[in-house]
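**Q** Got a structure for you, questions after.
The values are calculated or read from the model by the stated rules, or taken from the named source; none is laboratory data. Since this is a predicted model, take the numbers as computed values, not measurements. All Cβ positions, glycine included, derive from the backbone under ideal geometry; neighbour counts span all protein chains shown. What goes into the accessible areas is simple: the full protein's heavy atoms, side chains included, and nothing from ligands, DNA or RNA. Shrake-Rupley method; radii C 1.70, N 1.55, O 1.52, S 1.80 Å.
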Amino acid sequence: MTATTKSLRRWGAVHKWTSLICTLFMLLLCITGLPLIFHDEIDDLLHSQVKPAEAPAGTPPANLDHLLANALARAPGRVPHFLIWDRDEPGAVWVSVGPTIDADPTNNLLVRMDTHTGAYLDSPDVTGRFTYIMLKLHTDMFAGLPGKLFLGLMGILFCVAIISGIVVYAPSMRKLRFGAYRAQRRRVVRWLDVHNLAGILLVAWTLVVGFTGVINTWADLVLKMWQFGQLAEMTAQYKDRPVPTKLTSLNGAVEVARHAVPGMTPSFVAFPGTLFSSKSHYAVFLHGDTPLTSRLLKPALIDAETGTLTDSRDMPWYVSTLYVSQPLHFGDYGGMPLKIVWALLDILTIFILVTGVYLWMRRRKAGVSVERAIANAASIDNPALTS
Amino acid sequence: MVAHRSLTQIFAVPLVIAIVSTVGLISALVGDGWWDAVSWVALGLPVLLYLLFIWRRRPN
């Protein structure tokens, strides 16, 4: 056996095992990911929302202190964690409230407010929604951080399977033209052609979506890193100060942030004591206005006792990487046509997974493993497999 | 069936498609309007080619 054949067999084994281990989970991810591409449209279809009041262009936004007071009046005994401007609906602002400031924010109540009047709109419970269940299955299978990291590991295996797949594509195609589909042959041959064709056509997309998905599973860790890194550095002088008893104006804090970072728009505010801020600061996160810069956030830390700017810095590279990887995973950055293309590519990925499992089962039955098929490139024409 | 093909022959088309896909993935991130349209076409290409190759050789 030549060195090349030996190395190809090894690649074949890598392709087989990495694929087999991750396939079931990748199927789950592809199937739950499909409706998630259209989560906004599905939510609009299934759930009615109170519409914000019509506001002619140029209507000034409501005072945020007033808006916050209205929101808290609807959530007695709760404290605000975050104030979030709706990305898609400029007429709405969300206030995320929890029982205490250090409570787990994933269990928070979300209160939706009118941007221009500051009036209460509604506070939908999203946890029962179809899209929420899909999202939980897709991100952590209801198993929290361990579930997330596990799916990340499956994603890494998926990427290795794709790369090894490129290598074993070569011996498989030695006698075939690009795009060959032997329609007259038995199913095992036809499905091998589908597997090879779809697999090689989608290489770039599956690698990018797979790897950005892996990066997303590290989001919690990246946040922690930022908290103990840049955020701690920026607020070092406040470390031993007592927590402010009375908070300065939220509206004022956002104004100070706007002036400190000209040309950027506030995206959300983290209240003092939450994961995204120190105990003594409002952290106002601002974004740019191109598809790319709208994903990159820049925090401005406002002293919550004096209302003055403490510091504002660009986020470190590892946070920016996470933010840029999100649209590349979600496919939500090029309008509805891109979403549809994303869905079609997702369906083709399901084809690749299903045909892959089928080929493995058939070859196992026929006693022709991927490695052996590679060692003997002609074995795809083996009479045991083809008619 | 064709004669044995070299690695260059095998990977020429896939390489072009991978480059076009990458352009499509980045394009919509850079801007809106035409940039989005480039994305739709570039990423739609693999889907289109798939359908083309499968349908062209489908048995009657």
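**Q** Just to confirm my filter: which helices (runs of 4 or more DSSP H) fall fully inside segment A:1-110 and include at least 2 residues that are open to solvent by 80 Å² or more (accessible area, probe 1.4 Å) and over 30 Å from A:Ala283 (Cα atoms)?
**A** A:3-37, A:39-46
**Q** Here's a follow-up. Just the residues that are assigned to a helix (DSSP H, G or I), surrounded by fewer than 19 Cβ atoms within 10 Å (Cβ to Cβ) and within 8 Å of chain A (Cβ to nearest Cβ), please, taken from segment B:1-11.
**A** B:Leu7, B:Phe11
**Q** Of everything in segment A:171-196, what is assigned to a helix (DSSP H, G or I), open to solvent by less than 10 Å² (accessible area, probe 1.4 Å) and closer than 15 Å to B:Leu52 by Cα? Give them in sequence order.
**A** A:Asp193
**Q** Tell me which of these A:Val126 doesn't satisfy, since it passes every other one: (1) in contact with a Phe, Trp or Tyr (Cβ under 6 Å, 6 or more places away or on another chain); (2) open to solvent by less than 30 Å² (accessible area, probe 1.4 Å).
**A** Status for A:Val126: all satisfied but (2).
**Q** From the residues in segment A:221-239 that are in a helix (DSSP H, G or I), open to solvent by 90 Å² or more (accessible area, probe 1.4 Å) and under 16 Å from A:Thr310 (Cβ atoms), which one is modelled with the highest pLDDT?
**A** For segment A:221-239, the residue satisfying everything is A:Glu233.
**Q** Another question, then. For the condition touching a residue at least 12 places away in the same chain (Cβ under 8 Å), buried (at least 19 other Cβ atoms within 10 Å of the Cβ), in the same structural domain as A:Thr212 (by TED's automatic domain parsing) and under 30 Å from A:Asp346 (Cα atoms), what is the one hit in A:Val160, A:Val168?
**A** Criteria check complete, one pass: A:Val168.
**Q** Continuing with this model, one more query. Scan segment A:182-190 and give yes if some residue there is within 9 Å of chain B (Cβ to nearest Cβ) and either among the β-branched types (Val, Ile, Thr) or in contact (Cβ under 8 Å) with a residue 12 or more places away in the chain (or both), otherwise no.
**A** Looking for residues that are within 9 Å of chain B (Cβ to nearest Cβ) and either among the β-branched types (Val, Ile, Thr) or in contact (Cβ under 8 Å) with a residue 12 or more places away in the chain (or both), one finds none in segment A:182-190, hence no.
**Q** Applying the selection to segment B:20-46, what residues are more than 8 Å from chain A (Cβ to nearest Cβ) and among the β-branched types (Val, Ile, Thr)?
**A** Selection gives B:Val20, B:Val23, B:Ile26, B:Val38, B:Val41.
**Q** Moving to a separate point now. Please find, among A:Gly273, A:Gly356, the residue that is over 30 Å from A:Ile84 (Cα atoms) and either at pLDDT 95 or above or in a loop (DSSP other than H, G, I, E, B) (or both).
**A** A:Gly356
**Q** Another question, then. Among the candidates A:Phe150, A:Phe142, which residue alone is of a type outside the set (Lys, Arg), surrounded by fewer than 16 Cβ atoms within 10 Å (Cβ to Cβ) and on the phi > 0 side of the Ramachandran plot?
**A** A:Phe142
**Q** What's the number of the only condition in (1) more than 7 Å from chain A (Cβ to nearest Cβ); (2) modelled with pLDDT under 95; (3) in a helix (DSSP H, G or I) that B:Val16 fails to meet?
**A** Status for B:Val16: all satisfied but (2).
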